[in-house]
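For reference, the structure is listed below as structure tokens.
The values are calculated or read from the model by the stated rules, or taken from the named source; none is laboratory data. Bear in mind the structure is a predicted one, so any value in this text is a computation, not a measurement. Note: ideal-geometry Cβ built from the backbone for every residue, glycine included; neighbour counts use all protein chains shown.
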Amino acid sequence: MKRGPQETAESARRVTRRALVMGGVQVGIMGVLGWRLRQMQVEEAETYRLLAEENRVNIRLLAPARGLIFDRNGRPLAENEQNYRIVMVREDAGDVGEVLARLTRIVNIDEEDLVRAMDEMNRRSPFVPVTISDRIPWEDVAKVSVNAPALPGISAEVGLSRSYPQGPDLAHVVGYVGPVSDFDMTRGYLAEDEDPLLQIPKFPVGKTGVEARREHMLRGSAGSRRIEVNAVGRVMRELDRQPGDPGADLQLSIDAKLQNYVQARLAGESASAVVMDCETGDLRAVVSSPSFDPNLFTRGISTTSWRALNENKYRPLAAKACQGIYPPGSTFKMVTGLAALEAGVIGPEETVYCPGHTTVSGLRFHCWKRGGHGNMNFHESLKQSCDVYYYEIAQRVGIDKIAEMARRLGLGVRHDIPLSAVAEGIAPDRAWKQETRGEVWRRGDTVNASIGQGYVLASPLQLAVMTARLATGRDVKPRLIRTIDGVAQPDGAGEALGLNDNILRRVRRSMFDVTNHRRGTAYRSRAVAEGYEIAGKTGTSQVRRITAEERARGVTRNEDLPWERRDHALYVCYAPFENPRYAVAVVVEHGGGGSRAAAPIGRDVILRALYDGEVPIEAYPEGVHAEVQELHDRLNLRNFDGPSGSDRA
């Protein structure tokens with residue numbers, strides 16, 4: 001049907017309106033698209049450029065602050081200090097050689113550090129920061145910052161590094177930290193540790209001492225930061241961070257001042273000493289001499305320094321006080337005597353005749369006194385250290401009871417203290433020899449063991465424990481960690497050993513006369529101050545066999561032998577005699593006689609502990625005043641006059 005003019009005009013108007021609406025919508029859409037396109041291309045170009053490079057968010061670990069270590073009085077033994085270092089990012093540097101040349105004209109950098117840094121940069125991705133120089137002074141940081149425009153890719157950073165303010169004094173106790181190694185992760189004590197912190201390159205972990213044995217407490221827990229990285233792993237920006245929890249602070253039982261004195265007193269010797277609190281078991285000093293500076297290892301020890309330590313015949317790296325084991329010599333006679341007296345195989349007043357030797361199974365065993373001591377009871381045998389007496393009573397009581405008594409007193413037992421290597425020693429019996437050597441025990445073995453020779457081995461720590469138990473009659477146990485984050489740890493006072501009190505009193509009185517009777521072997525090393533009397537026992541252990549031919553012509557004096565063939569010198573003691581506070585054990589490797597080399601050291605050390613500082617000269621016998629004064633004037637002691645406490649201790 002044919003439309004009229006009016007309908008045609010109306011239809012045209014509708015089409016025009018629709019076209020205008022559609023055009024407006026199209027224009028609006030195009031405007032929005034144009035605006036959004038401009039926003040994306042101009043205002044959000046960086047965001048989409050990052051997305052175009054396949055950016056992703058990574059979580060990276062933040063190393064926590066390592067826990068601090070203090071002595072019993074709050075003096076810092078291991079702390080964290082700010083460490084300034086220069087780092088370089090290779091991709092930002094351009095000509096690496098030229099930039100490093102400019103850097104060396106501004107600050108002093110060792111050639112060795114430059115070689116190491118170049119090697120590391122060649123092995124790592126170009127965007128990974130590499131340390132050029134560590135532990136630089138603040139002045140060098142300022143120089144690098146001022147010259148930043150001329151040093152592309154170079155920057156100065158600040159971090160934390162481990163420091164040991166007492167230096168060599170506590171190197172064997174506290175230990176030191178170093179970068180985690182493949183050995184640590186595969187065969188070392190961290191083999192089963194799955195802490196992701198250990199995956200951080202050069203993350204510091206304890207290598208020896210308390211640092212190693214309490215690694216998990218000291219390490220703390222990791223923090224984290226969220227970072228945006230591109231497809232090749234380059235960091236684009238940090239989104240946020242969550243700091244970790246610092247490690248626990250440890251307070252040791254060690255007295256740093258006493259430790260320093262003992263270290264100085266042992267200077268020049270290959271020796272060790274342990275000072276133990278008889279009441280609590282606290283280890284007040286654990287010293288191995290010579291020592292080393294643990295800061296050398298945290299800062300990177302040189303080849304020359306390492307060789308000097310490793311080739312020193314006095315073995316400065318060895319923790320002799322707990323790791324070293326020695327024939328205890330005559331210091332073991334208290335064990336043999338107690339075993340025989342407790343078993344009732346000999347009475348305290350019963351005598352044994354000493355002609356200077358005895359024969360067992362066709363073999364002659366000699367007393368240290370060639371002409372013999374004559375008739376000896378227990379008291380006189382210990383005071384004068386007669387060997388033949390102990391040869392005889394050991395055969396009566398038997399090795400099994402002697403070994404049992406030794407373990408009861410702390411020998412042949414690995415004590416539970418957090419140090420790298422704590423020796424178990426050997427308190428041998430019949431079963432031990434059959435199991436370890438496939439041989440039967442012989443009477444001659446018992447004779448040798450009776451005076452602390454043969455298979456018997458003990459550490460200075462064990463000898464100190466033995467002495468503390470003899471002094472108190474309790475099962476005193478050594479304690480090294482006093483508090484953890486301020487929380488006191490159980491002490492080692494222990495329960496009664498169950499030994500006969502009358503017999504123990506006889507042993508103590510004999511040890512008193514060893515030091516205080518004119519015929520005692522340690523008489524020259526007594527103390528004369530009232531209330532500071534010392535009870536002790538000397539020991540000398542052979543490290544070589546003396547042949548019959550040598551005995552016939554006269555035994556060679558120790559001082560005429562090469563150092564490594566001389567006898568070890570030992571001394572154990574406690575004081576005060578009436579109210580024991582401290583027990584001390586001293587071992588001087590190849591020092592000769594115990595009365596000459598070890599007893600004077602033990603006397604000086606225990607008096608220093610009792611007086612808690614400088615000992616008045618009147619505490620010593622008048623005849624040794626000049627000798628003692630001269631010795632103490634030579635000692636190189638650390639100055640502890642400054643502040644010693646810490647709020648975190």
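Observations, loosely collected:
- Applying the condition of being modelled with pLDDT under 90, assigned to a strand (DSSP E or B) and touching a Ser or Thr at 6+ places or on another chain (Cβ under 9 Å) to region 125-173 and asking which residue is surrounded by the fewest Cβ atoms within 10 Å (Cβ to Cβ) yields E157.
- Scanning region 613-627 for residues that are surrounded by 10 or more Cβ atoms within 10 Å (Cβ to Cβ) and outside any helix (DSSP H, G or I) yields a count of 5.
- Where a residue in region 80-94 is buried (at least 19 other Cβ atoms within 10 Å of the Cβ) and its partner, wherever it lies, is charged (D, E, K, R), with Cβ under 6 Å and at least six apart: R85/D134; R85/E157
- Residue ID - surrounded by the most Cβ atoms within 10 Å (Cβ to Cβ), chosen from residues in region 52-79 that are acidic (D, E) and at pLDDT below 80: E53
- Residues in region 509-526 that are outside any loop (DSSP other than H, G, I, E, B) and out of contact with any strand residue (DSSP E or B) (no Cβ under 6 Å at 6 or more places or on another chain): R509, S510, D513, N516, Y523, R524, S525.
- Members of region 342-355 found to be charged (D, E, K, R) and either surrounded by 16 or more Cβ atoms within 10 Å (Cβ to Cβ) or assigned to a helix (DSSP H, G or I) (or both), listed by number: E342
- Scan of region 631-642 for residues that are in a helix (DSSP H, G or I) and either surrounded by 13 or more Cβ atoms within 10 Å (Cβ to Cβ) or modelled with pLDDT of 95 or more (or both), ordered by number: L631, H632
- Within region 446-458, tally of residues that are of a type in the set (G, A, S) and assigned to a loop (DSSP other than H, G, I, E, B): 2
- Filter result for the condition that a residue is under 15 Å from G167 (Cα atoms), out of contact with any Leu (no Cβ under 6 Å at 6 or more places or on another chain) and in a helix (DSSP H, G or I), over F297, F332: F297
- Residue pairs whose Cβ atoms lie under 9 Å apart, separated by 6 or more positions or on different chains, with the first residue in region 136-152 and in the same structural domain as R299 (by TED's automatic domain parsing) and the second assigned to a helix (DSSP H, G or I), do not occur.
- Strands (runs of 3 or more DSSP E) completely within region 356-445 that count 1 or more residues being of a type in the set (S, T, Y): 357-360
- Residues that are in contact with a helix residue (DSSP H, G or I) (Cβ under 6 Å, 6 or more places away or on another chain) and either surrounded by fewer than 19 Cβ atoms within 10 Å (Cβ to Cβ) or closer than 29 Å to A319 by Cα (or both), drawn from region 433-442: E439
- So A471, is it buried (at least 16 other Cβ atoms within 10 Å of the Cβ), under 32 Å from the mean Cα position of the chain (by Cα), assigned to a helix (DSSP H, G or I) and of a type in the set (G, A, S): yes
- Search result, residues across region 119-146 that are more than 10 Å from M88 (Cα to Cα) and among the hydrophobic types (A, V, I, L, M, F, W, C): I136, W138, V141, A142, V144, V146
Here is a yes/no grid of residues against (1) within 19 Å of A585 (Cβ to Cβ); (2) among the acidic types (D, E); (3) within 14 Å of the chain's Cα centre (by Cα):
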{"residue": "T208", "(1), (2), (3)": "no, no, yes"}
{"residue": "R213", "(1), (2), (3)": "no, no, yes"}
{"residue": "S221", "(1), (2), (3)": "no, no, no"}
{"residue": "R226", "(1), (2), (3)": "no, no, no"}
{"residue": "Y261", "(1), (2), (3)": "yes, no, no"}
{"residue": "S291", "(1), (2), (3)": "yes, no, yes"}
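- Exclusive hit being in contact with a Ser or Thr (Cβ under 8 Å, 6 or more places away or on another chain), assigned to a loop (DSSP other than H, G, I, E, B) and surrounded by fewer than 18 Cβ atoms within 10 Å (Cβ to Cβ), set A529, A493: A493
- Any hit, region 570-590, residues being assigned by TED's automatic domain parsing to the domain that holds A471 and loosely packed, with under 14 Cβ neighbours inside 10 Å: yes
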